[in-house]
Each structure stands twice: as C-alpha cells, then as structure tokens.
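Engineer: A single structure is presented below for examination.
The values are calculated or read from the model by the stated rules, or taken from the named source; none is laboratory data. Since we're looking at a predicted model, the values are computed, not measured. Quick reminder, even Gly has a Cβ in these numbers, built from the backbone with ideal geometry, and neighbours come from all protein chains shown. Note: accessible area is taken over every heavy atom of the protein model, side chains too, but ligands, DNA and RNA are not part of it. Shrake-Rupley method; radii C 1.70, N 1.55, O 1.52, S 1.80 Å.
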Amino acid sequence: MATKIRDGAQAIIDSLQQNDVEFIFGYPGGANMPIFDALLDSPIKLILVRHEQGASHMADGYARSTGKAGVVLVTSGPGATNTITGILTAQMDSVPLVVICGQTITPNLGLDAFQEADVSGISFPVVKHSYLIKNANDIPRIMKEAFYIAESGRPGPVLIDVPKDIAVTRFQPDYNIDMQIPGYTIPIHGDSARIAEAADMLNKAKKPVLLVGHGAIISDAGKAVKALAEQMQIPVTNTLLGKGAFSENHILSMGMLGMHGTAYANMAVLNCDLIMSIGSRWDDRILGKTDEFCKNAKKIHVDIDPAEFNKMIIPDCSILGDARLVIEELNTMAQPGDTNDWLAQIEKWKKKFPLKYLKKGGLKAQYVLDELNRLTKSDAIISTDVGQHQMWAAQFCKTTGRYNWLSSGGAGTMGFGFPAAIGAQLAHPDKLVVAVVGDGGFQMTSAELVTAVLNKLPIKILIINNKYLGMVRQWQALFFDNRYSGVDLAGNPDFVKLAEAYHAKGFRIKRNADVTRILTDAINYNEGPCIIEAEVEKEDNVFPMIPSGATYDSMVLERPRKKMDKPVGST
Amino acid sequence: MNNKNNSHSISLFVNNKPGVLIRIALVFARRGYNIDSLVVSPSRDQHFSRMSITASGKAKILEQIIKQLNKLVDVLHATDHTGEIVVEKELALIKVECSIEQRTEILQISEHFKCQTVDISGNTLMLQVTGNSDKLDALHTIMAKYKILEMVRTGKIIMARGDAST
Ligand SMILES: Cc1ncc(C[n+]2csc(CCOP(=O)(O)OP(=O)(O)O)c2C)c(N)n1
Ligand SMILES: [Mg+2]
C-alpha cells in the first residue's frame with residue numbers, strides 16, 4: 001500500500017495497529033514524547049503505570065494470558081533500564097514482549113547525552129532479539145520482524161531502541177515491506193521417524209510419565225496431550241509453568257513435580273521407566289541431582305528449541321518441532337497402553353501422601369488457597385508472586401485452562417504477580433483474576449494499585465501475610481540452624497488501609513472461620529480491585545520438598561527432626 | 001584435526017550489522033569459553049560476514065555454544081569444524097632482533113618456512129609467514145631462540161574442501 005507521509009513515531013503506532021495491539025503499558029519522558037504524541041491519534045489504549053518495571057510485568061501478564069505479544073513503551077536511560085527485570089522475567093519464561101524505548105538523538109549516541117544509556121547493549125543477554133533504529137525507513141520492517149520474532153517459535157522479548165530524531169523523521173512508510181531475517185528459522189513438524197521411535201518407546205513402557213511444560217501451553221498442545229494421555233493411559237505431571245497444559249483436575253493428573261511438587265508426582269518420576277517431556281526444559285528445580293534424575297528411565301524430549309537438547313539431560317529420543325504438531329502425529333501411532341498396575345500404584349501414593357495441612361490451630365495459607373480453589377471452581381486466572389505463597393498456590397489452586405496460571409518461574413521475580421494480574425485482567429475483562437502475592441513481593445510493585453483502580457479492574461489481590469520473607473526464612477530454618485537474617489518484615493503497612501488510601505477495597509482474614517465468607521465477599525466485589533489480607537501463621541514451611549540439587553528419594557514430607565544438610569544446588 | 005588444548009575451529013556466517021560481534025562474544029563469555037582468535041571479514045555478499053573463531057574449552061560446552069550461536073537472529077549458521085578436513089590458513093608477521101652476523105642464519109630458517117622477508121633494518125628483520133597454525137607455532141618456537149621483538153598473527157581462517165560449504 002502506497003501510504004502518505006508519516007513521521008517515525010506515527011509509523012511505529014501504525015505498525016502496532018497492524019499487529020492488533022490493544023494496550024500499551026507505558027511511561028513518558030523526553031525521548032519518547034513523539035511516540036506518546038502519536039498515540040493520541042490511535043485507538044490503542046495507553047495504560048499509564050507508576051513504574052516501568054510494572055509496565056513490563058503487565059505486558060507479560062497480558063502476553064501469558066493471551067499468547068499475543070505485550071507492548072511496553074518507555075523513555076531512554078532510567079526508563080528503559082527499569083524494564084530490564086521484566087525483560088529478564090519474560091526471556092526466562094519464553095514470553096513474547098515488544099519493548100519500545102525512546103533514545104537520545106542519533107548524533108548524541110555514545111556522547112553520554114542526558115538520559116542516554118546503551119539500552120540495546122544492556123539488553124543483549126536478556127532478549128530474544130533487539131534493535132537500535134538508525135533509519136526511519138527501517139521502522140515498518142523492524143516492527144514486523146519484532147512481533148514475528150517475539151511471538152513465533154520459542155517466544156521471547158524483543159527490544160526496540162528509537163532515537164528521538166528517528167521518531168520525528170518524516171518519510172513514506174512501506175508497510176508491505178518484507179522481513180529480512182535469514183538467520184531466523186523455526187522448526188514446525190517433527191521428524192516422523194523420530195516420532196515413530198517415540199511411539200514405539202511409549203508402547204513398550206510399563207511405567208510411563210508425561211511431563212508437560214510451558215511449551216505445551218504456548219503451542220496449544222493441550223488437546224493432543226489429553227488425547228495421548230487418555231488413549232495410552234499415561235499419568236501426567238506438569239512443571240510450574242506447565243500448569244494448565246493438562247487439567248490438574250483430570251484423573252490422570254499428578255499435579256506439579258520437582259522441588260515443591262506433589263509427593264505422588266515425585267514418586268512417579270522416581271519410579272517410572274519412561275519420561276516424556278513435552279515443552280519443558282528440565283529445569284534444575286525439576287531435576288534435583290542431574291546425574292541421578294530418572295537414571296534408569298528412558299527419556300523423550302520434545303522441544304522447539306534445539307539448544308535445549310543435551311543441555312541438562314541427554315534424551316534417548318529428541319524430537320525437534322512444535323509440541324502440538326508432534327503430539328498430534330504421535331497420536332496416530334500410539335496404541336492403547338496397559339498401564340493399570342502403574343496407575344493403581346500412583347492411586348495408592350495419592351491416597352497415602354496427599355497434599356495436606358493442619359486444619360486446626362492458626363490460619364494456614366494452604367487453607368486459604370484450598371478454599372480459593374474451591375470457591376473459584378479451579379477456573380480463575382491465578383497470577384502469583386514469588387515465595388512460599390507461590391508454591392502453595394501451585395499446589396492447591398488447580399489449573400484447568402491453558403491461560404489460567406501466570407507465575408515467574410525461570411527468573412523468580414518478586415513484584416511480578418500483581419502487575420501481571422493487571423495485564424491479564426485487561427485482556428480478560430470478564431474473567432475472575434486473582435493475584436496471590438506475599439507481603440514482601442507485593443510491596444515491590446504495589447504502586448500499581450493506582451493503575452488497577454483507575455482502570456476499574458476487579459482484581460482480587462490476595463496477600464498471604466506471614467510477616468516474613470517466608471521462603472528465605474524457611475531455608476534459614478531448615479538449613480541455617482534457624483538463624484534468621486534479613487527476613488523479618490516488621491514494619492509492613494496495614495494492607496487494608498493501604499487499599500483504602502488508593503480508593504480500593506480492603507478485606508482482612510484473621511481466622512479459619514473468616515475464610516469462606518470473606519473470600520466469597522471479595523469474589524463478589526466487582527467495583528474495582530480489592531486487597532484481601534490473610535494474616536497467616538508466621539513460620540509455616542512448604543512441603544513436600546526436594547532440597548536443591550538433591551535426589552528424588554531425599555524428598556521430605558515434613559520438617560525432619562534432625563538438621564538437614566545444606567543444599568548443594570545453587571539456590 | 002587440531003585438538004590439542006581442546007582447541008576448536010568454528011565458522012560463522014552472520015549478518016553484516018553493528019552489534020553482531022558482541023552478541024556472539026557474549027555467548028562464549030557466558031559459558032566461560034575463551035576466544036583464542038577471531039577473524040571477521042566481508043563475504044561474497046556484502047549483507048553478510050564470515051567469522052572464523054578458534055576457541056578452547058570442553059567439547060560438551062561447545063556443543064551448547066554452537067546451538068546458542070545458531071539461535072541468534074543475526075547468525076545464519078555456526079559450525080564447529082573440529083575434526084573435519086578443512087583448509088585452515090593463518091598469516092603472521094614476526095619482527096626479530098637480528099644483527100648483521102645473524103642475518104644469514106635467520107634467513108636460512110625463514111627460507112625453510114617459506115617466509116617472505118618484508119622489512120630489514122640494521123638490527124631487525126621482519127618475516128611474513130603463512131600456513132596452518134602448527135607451522136606458525138613451529139616458526140615461533142624456533143625464532144624464540146633469537147629475540148622476538150613483536151609478533152602479530154591474523155588468526156585462523158577456515159574453508160571447507162570440495163563441494164562442502166563452510
Ligand atoms: C526481586 C527478588 N529479590 C529477591 C528474591 C529472593 N526471594 C525469593 S522468595 C523471597 C521471599 C518472598 O517473601 P514474600 O513476598 O513475603 O513471600 P512468602 O515467601 O513469605 O510467601 C525472596 C526474598 C526474589 N525472588 N526476587
Ligand atoms: Mg511473606
């Protein structure tokens with residue numbers, strides 16, 4: 001299409017519109033003012049945040065809950081560097097973002113100009129790709145490439161640095177221009193011979209396990225995985241990010257595995273004779289002691305990223321391709337399996353070692369989350385922060401839908417949960433969105449309460465308040481002789497009053513008897529965001545636990561009497 | 001062929017753009033892999049560059065590095081040629097201290113290595129040598145007997161033989 005003369009900023013906004021962008025999460029400054037100006041003439045809605053990190057997590061929550069790239073617009077220097085944590089978070093979890101940063105004018109690049117930072121340089125280790133635009137004519141092509149690279153294959157963040165002189169250059173954009181990315185190819189179909197080999201291995205296995213990860217969600221492999229599991233009667237476990245790839249309420253689901261996974265999933269993994277990963281990268285939270293992991297089991301690895309093969313483990317069969325297409329093809333070869341004995345064994349473990357908590361006594365986070373799961377019929381979008389509450393939410397809030405679980409896994413970024421919930425609620429105005437956060441992490445991005453209030457987003461912010469940096473405190477208790485160092489959150493604000501200060505609603509849960517009633521009231525409160533502060537027992541610990549870097553058979557179900565060895569894994 | 005000291009010969013075909021070299025170097029640095037030599041040059045097509053890298057470290061880590069390099073949007077392909085039969089060449093300039101009395105002796109050695117004498121002064125001699133890296137290493141060792149004042153090596157360039165592409 002021959003187009004009229006536009007300036008660089010307008011061309012950027014045009015490109016966003018062509019990519020069906022609904023929201024931009026942003027914050028203005030000198031270097032991006034032309035783009036903010038162009039935004040006024042576009043139907044794209046600006047979500048003005050209170051901190052750029054918040055913008056990056058909101059875009060991330062939008063992206064995780066839709067599969068579409070989330071868009072961030074920030075200014076140069078500190079505006080851009082404030083998004084780096086969010087970019088890392090997205091990169092580690094394969095989330096598509098397009099981050100547009102203002103930059104000083106091109107003649108000033110490298111001269112330590114006001115608010116100059118070499119942002120594309122800073123971004124290199126934490127992006128899928130990045131651009132510094134030097135010529136306005138490149139804008140349509142770069143924008144096209146950015147969305148394509150962010151969303152396709154193994155998704156990830158793409159950063160675009162836009163010098164201000166480029167944003168005001170007038171030119172005739174060619175929006176039909178071709179992309180020029182000869183170095184970028186994405187695997188699609190798996191190799192049929194490999195798939196047949198995998199089918200044969202599965203058919204021969206007596207004690208198989210399917211391990212589903214984020215890749216299964218990204219590629220929409222859920223239906224195919226369900227068909228495979230049902231047809232061959234294979235039990236399924238999921239990673240933290242794989243929650244929702246296969247309904248955790250399905251009879252064949254064992255829930256999450258790994259460091260804080262269910263005992264029965266971990267026992268199944270310890271005893272299986274075959275494990276097939278579908279879009280999981282065998283993260284160290286899952287492997288424990290790498291050399292010992294499923295030592296005697298056959299391993300099949302389906303991944304769209306060839307760099308994941310042989311990285312953590314050496315699979316017996318690796319299949320490069322899109323998880324959905326691979327499993328669909330596999331389903332044409334798989335035979336109904338006889339795994340009755342294996343399933344019966346797992347049923348026994350489920351009965352004998354269920355997830356549990358003490359129902360009497362002080363208020364337990366697990367009870368609050370268990371009840372949240374019941375009241376929401378496992379059908380809310382749950383966005384978590386990082387810490388004990390995250391692990392309890394992963395255990396007790398069963399995920400049944402593809403886009404219903406948002407959690408920072410790879411980076412473990414505190415401050416993620418609440419802004420990510422904002423992005424998800426904007427994308428899904430009619431869905432129930434709950435941010436499950438800790439009293440520590442919430443305070444890292446709580447300024448975004450304004451953003452939620454202004455946009456009348458009915459997010460339920462459930463603060464599991466244990467008055468501690470609970471997860472770190474747990475490690476100090478178990479591995480450092482109860483020597484608490486820097487984990488006491490004395491001085492926390494009154495969270496109900498904090499809500500009120502932002503003109504949001506506040507609820508407080510103090511006792512077991514309050515839980516059902518107050519959660520119900522909060523779920524029914526839809527005028528805007530509300531905080532539900534649950535004052536839980538201060539020193540409870542998350543179990544089961546496989547200490548970092550330890551073998552599966554060293555899983556503990558409750559706090560051992562004797563002191564535990566310091567973990568050998570990194571964190 | 002050359003795998004003493006865990007040394008690997010890697011060729012890359014990449015976009016000819018600013019920043020590409022940093023992205024590549026970061027992949028090596030992140031895994032603690034040392035780049036021993038690096039040659040970047042234009043390719044037949046001006047949009048792309050050729051890189052030849054020699055680096056040392058464990059083979060298993062290198063496998064991962066090669067995959068990570070191939071993942072970079074700016075890299076069209078990265079290949080480890082270690083153990084393959086490829087043409088590898090390198091050029092070096094060596095400046096040695098050389099009195100008039102030593103001249104004949106040094107020139108004899110240099111002839112053996114098919115060096116060109118590119119500069120002579122009253123007390124120095126500059127030799128240019130090309131060939132595979134082993135040959136250059138050997139010359140270096142022998143010349144060390146005299147006083148080497150300066151040495152500059154281009155780093156190894158690699159090309160696959162016959163129909164195979166690099
Ligand atoms: C930005 C950031 N800083 C530090 C950490 C390390 N860390 C992991 S969990 C945790 C404690 C979180 O405390 P809180 O938010 O109260 O949640 P709880 O564990 O008590 O449920 C900390 C400090 C982190 N994950 N992210
Ligand atoms: Mg806490």
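Engineer: Let me spell it out: the conditions are (1) under 30 Å from A:D303 (Cβ atoms); (2) in contact with a Gly (Cβ under 7 Å, 6 or more places away or on another chain), and A:L73 meets all of them except one. Which number is the exception?
Structural biologist: Unmet condition: (1).
For every residue, the table says whether it meets (1) closer than 26 Å to A:Y175 by Cβ; (2) surrounded by fewer than 21 Cβ atoms within 10 Å (Cβ to Cβ).
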| site | (1), (2) |
| --- | --- |
| A:A9 | yes, no |
| A:Q17 | yes, yes |
| A:R64 | no, no |
| A:L73 | yes, no |
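Engineer: Got a sec? Which strands (runs of 3 or more DSSP E) wholly within the range A:149-257 have at least 2 residues that are touching a Ser or Thr at 6+ places or on another chain (Cβ under 8 Å), in the same structural domain as A:W282 (by TED's automatic domain parsing) and over 30 Å from A:I122 (Cβ atoms)?
Structural biologist: Details: elements: A:157-163, A:208-212, A:236-238, A:253-256.
Strands (runs of 3 or more DSSP E) meeting the threshold: A:208-212, A:236-238, A:253-256.
Engineer: Mind listing whichever residues of the range A:286-307 are within 14 Å of chain B (Cβ to nearest Cβ) and open to solvent by less than 10 Å² (accessible area, probe 1.4 Å)?
Structural biologist: Of all residues in the range A:286-307, those within 14 Å of chain B (Cβ to nearest Cβ) come to A:290-291, A:301, A:303-307.
Passing the criteria: A:H301, A:D305, A:A307.
Engineer: Just to verify a result, which residue in the range A:106-130, among those that are part of a loop (DSSP other than H, G, I, E, B) and farther than 13 Å from A:V162 by Cα, is farthest from the other protein chains (Cβ to nearest Cβ)? Break it down stepwise before answering.
Structural biologist: In the first step, residues of the range A:106-130 are kept if they are part of a loop (DSSP other than H, G, I, E, B); the result is A:109-118, A:127-128.
Those still in the list that are farther than 13 Å from A:V162 by Cα too: A:110-115, A:127-128.
Working: A:G110: 12, A:L111: 17, A:D112: 19, A:A113: 18, A:F114: 23, A:Q115: 21, A:V127: 10, A:K128: 7 Å.
Looking at the filtered set, the residue picked out is A:F114.
Engineer: Let me ask you something else. Quick check on my filter: what residues within the range A:375-391 are under 16 Å from A:S247 (Cβ atoms) and either hydroxyl-bearing (S, T, Y) or outside any loop (DSSP other than H, G, I, E, B) (or both)? Even if it seems obvious, please write down each step before you answer.
Structural biologist: As a first pass, look at the range A:375-391 and keep what is under 16 Å from A:S247 (Cβ atoms): A:376-382.
Once the filter is applied, which keeps residues that are under 16 Å from A:S247 (Cβ atoms) and either hydroxyl-bearing (S, T, Y) or outside any loop (DSSP other than H, G, I, E, B) (or both), the range A:375-391 yields A:T376, A:S378, A:I381, A:I382.
Engineer: Take A:G79 and decide whether it is touching a residue at least 24 places away in the same chain (Cβ under 8 Å), out of contact with any Pro (no Cβ under 8 Å at 6 or more places or on another chain), part of a helix (DSSP H, G or I) and open to solvent by less than 10 Å² (accessible area, probe 1.4 Å). Before you say what the answer is, go through the steps one by one.
Structural biologist: Details: touching a residue at least 24 places away in the same chain (Cβ under 8 Å): yes; out of contact with any Pro (no Cβ under 8 Å at 6 or more places or on another chain): yes; part of a helix (DSSP H, G or I): yes; open to solvent by less than 10 Å² (accessible area, probe 1.4 Å): yes.
Against the criterion (touching a residue at least 24 places away in the same chain (Cβ under 8 Å), out of contact with any Pro (no Cβ under 8 Å at 6 or more places or on another chain), part of a helix (DSSP H, G or I) and open to solvent by less than 10 Å² (accessible area, probe 1.4 Å)), A:G79 qualifies.
Engineer: Within the range A:436-456, take every residue that is of a type in the set (G, A, S) and open to solvent by less than 10 Å² (accessible area, probe 1.4 Å) and give me the one that is farthest from ligand 1 (Cβ to nearest atom). First the steps, then the outcome.
Structural biologist: The first filter runs over the range A:436-456 and keeps only residues of a type in the set (G, A, S), leaving A:438, A:440-441, A:446-447, A:452.
Next, from what is left, pick out any that are open to solvent by less than 10 Å² (accessible area, probe 1.4 Å): A:438, A:441, A:452.
Details: A:G438: 2, A:G441: 3, A:A452: 18 Å.
Going through the qualifying residues, I end up with A:A452.
Engineer: Does A:S378 fit the bill of being crowded, with 22+ Cβ neighbours inside 10 Å and small (G, A, S)?
Structural biologist: Judged against the criteria, A:S378 is not a match.
Engineer: Mind listing whichever residues of the range A:493-510 are touching a Gly at 6+ places or on another chain (Cβ under 9 Å) and touching a residue at least 12 places away in the same chain (Cβ under 8 Å)?
Structural biologist: The first filter runs over the range A:493-510 and keeps only residues touching a Gly at 6+ places or on another chain (Cβ under 9 Å), leaving A:494-500, A:503-505.
Hits for the range A:493-510 are A:F495, A:V496, A:L498, A:A499, A:H503, A:A504, A:K505.
Engineer: Now for a different question. Taking the range A:397-412, which residues are open to solvent by 10 Å² or more (accessible area, probe 1.4 Å) and either in contact with a Leu (Cβ under 9 Å, 6 or more places away or on another chain) or of a type in the set (D, E, K, R) (or both)?
Structural biologist: Listed by number, the residues that qualify are A:K398, A:R402, A:W405, A:G409, A:G410, A:A411.
Engineer: Which count do you get for residues in the range A:413-435 that are among the hydrophobic types (A, V, I, L, M, F, W, C), open to solvent by 10 Å² or more (accessible area, probe 1.4 Å) and away from ligand 1 (no atom under 16 Å from the Cβ)? Full working, then the answer.
Structural biologist: Our first condition is that a residue be among the hydrophobic types (A, V, I, L, M, F, W, C); within the range A:413-435, this holds for A:414, A:416, A:418, A:420-422, A:424, A:426-427, A:432-435.
Still in the list and also open to solvent by 10 Å² or more (accessible area, probe 1.4 Å): A:414, A:426-427, A:432.
Now drop any that are not away from ligand 1 (no atom under 16 Å from the Cβ), which leaves A:426-427, A:432.
So the answer is 3.
Engineer: Being small (G, A, S), crowded, with 22+ Cβ neighbours inside 10 Å and either within 16 Å of ligand 1 (Cβ to nearest atom) or over 18 Å from A:G417 (Cα atoms) (or both) is the filter here, so list the residues in the range A:457-499 that pass it.
Structural biologist: Correct list: A:G470 only.
Engineer: Considering A:K364, A:K360, which residue is within 16 Å of ligand 2 (Cβ to nearest atom), basic (K, R) and open to solvent by 10 Å² or more (accessible area, probe 1.4 Å)?
Structural biologist: Numbers: A:K360 fails: within 16 Å of ligand 2 (Cβ to nearest atom).
Residue meeting the stated conditions: A:K364.
Engineer: Determine, yes or no, whether A:R50 is within 27 Å of A:M414 (Cα to Cα), basic (K, R) and out of contact with any Gly (no Cβ under 6 Å at 6 or more places or on another chain).
Structural biologist: Values: within 27 Å of A:M414 (Cα to Cα): yes; basic (K, R): yes; out of contact with any Gly (no Cβ under 6 Å at 6 or more places or on another chain): yes.
Answer is yes for this residue.
Engineer: Only one residue in A:A227, A:A263 is open to solvent by less than 10 Å² (accessible area, probe 1.4 Å) and more than 21 Å from the chain's Cα centre (by Cα), so which one is that?
Structural biologist: On the way: A:A227 fails: open to solvent by less than 10 Å² (accessible area, probe 1.4 Å).
Sole residue among the options that is open to solvent by less than 10 Å² (accessible area, probe 1.4 Å) and more than 21 Å from the chain's Cα centre (by Cα): A:A263.
Engineer: I'm trying to understand the selection: among the residues of the range A:451-473, which are farther than 23 Å from A:T520 by Cα and more than 10 Å from ligand 2 (Cβ to nearest atom)?
Structural biologist: Of the range A:451-473, the ones farther than 23 Å from A:T520 by Cα are A:451, A:454, A:467-473.
Correct list: A:T451, A:L454.
Here is a yes/no grid of residues against (1) within 24 Å of B:V118 (Cβ to Cβ); (2) not acidic (D, E):
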residue: B:I35; (1), (2): no, yes
residue: B:R44; (1), (2): no, yes
residue: B:R50; (1), (2): no, yes
residue: B:T54; (1), (2): no, yes
residue: B:D74; (1), (2): no, no
residue: B:T79; (1), (2): no, yes
residue: B:I94; (1), (2): yes, yes
residue: B:C98; (1), (2): yes, yes
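Engineer: For the range B:111-139, which positions are in a helix (DSSP H, G or I), in contact (Cβ under 8 Å) with a residue 24 or more places away in the chain and surrounded by 16 or more Cβ atoms within 10 Å (Cβ to Cβ)? It would help to see each step written out before you state the result.
Structural biologist: Here is the first cut: in the range B:111-139, the ones in a helix (DSSP H, G or I) are B:111-112, B:133-139.
From what's left, in contact (Cβ under 8 Å) with a residue 24 or more places away in the chain: B:133-134, B:136, B:138-139.
Listed by number, the residues that qualify are B:S133, B:L136, B:L139.
Engineer: Something else now. Does A:L454 satisfy the criteria of being under 17 Å from A:D385 (Cβ atoms) and at pLDDT 95 or above? Before you say what the answer is, go through the steps one by one.
Structural biologist: Numbers: under 17 Å from A:D385 (Cβ atoms): no; at pLDDT 95 or above: yes.
Answer is no for this residue.
Engineer: Follow-up. Just one of A:D322, A:D385 is of a type in the set (D, E, K, R) and either assigned by TED's automatic domain parsing to the domain that holds A:M58 or buried (at least 24 other Cβ atoms within 10 Å of the Cβ) (or both); which is it? Steps first, answer last, please.
Structural biologist: Details: A:D322 fails: either assigned by TED's automatic domain parsing to the domain that holds A:M58 or buried (at least 24 other Cβ atoms within 10 Å of the Cβ) (or both).
Only one candidate qualifies: A:D385.
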